[in-house]
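Before any comments, here is the structure.
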Amino acid sequence: MDDNTAITLIVFVCVAAGALKHYFNAKAQFAKQSKTNLALKQQIIELQQEHSQLKQRIQTLEAIVTDEGIQLKQSINEL
């Protein structure tokens, strides 16, 4: 094996090792982001459910507050 072939082989091995290192780092980072995204999606679902429940509670409270029968009872109780 002459010097040029050895140098070429060494450069090729170094470049390939760097590319493999970058590939595995990117793959690990992608897996980590996927777990994070899954957790965020779950949190979004939970917040949407909570939001829906709170909207229903507000509608119920608004119905109670604007009910004329309730207001009439309060007026009678004040007398």
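When the helices of the chain are scored as -39500 (n - 2.57) per DSSP H run of n ≥ 4 and the total is divided over every residue, the value at 222 nm lands at -35000 deg cm²/dmol. Solvent-accessible area per residue in the chain equals 97 Å², computed with a 1.4 angstrom probe and all protein chains kept. State the percentage of accessible surface on region 20-78 attributable to carbon and sulfur atoms; use a 1.4 Å probe and exclude ligands, DNA and RNA. In region 20-78, the share of accessible area belonging to carbon and sulfur is 58 percent.
Note on the chain: dipole from Cβ charges, positive end direction compared against F24, A63, L9; the farthest Cα belongs to L9.
Taking the chain as a Gaussian network of alpha-carbon nodes connected by springs under 10 Å, the highest mean-square fluctuation of the residues A28, A39, A63 belongs to A63. Computed from backbone phi with θ = phi - 60° and the Karplus coefficients 6.51, -1.76 and 1.60, the 3J(HN,Hα) list for region 50-67 is 5, 4, 4, 5, 5, 4, 5, 5, 5, 4, 5, 5, 5, 5, 5, 5, 8, 5 Hz; x is used for glycine and proline. Taking the square roots of 5 times each eigenvalue of the Cα gyration tensor of the chain, largest first, gives ellipsoid semi-axes of 74, 7, 6 Å.
The values are calculated or read from the model by the stated rules, or taken from the named source; none is laboratory data. Predicted, not measured: the structure shown is a model, and the values here were computed from it. Note that each Cβ is placed from the backbone with ideal geometry, even for glycine, and that neighbours are counted across all protein chains shown. Surface accessibility is based on the protein's heavy atoms, side chains included, excluding ligands, DNA and RNA. Shrake-Rupley method; radii C 1.70, N 1.55, O 1.52, S 1.80 Å.
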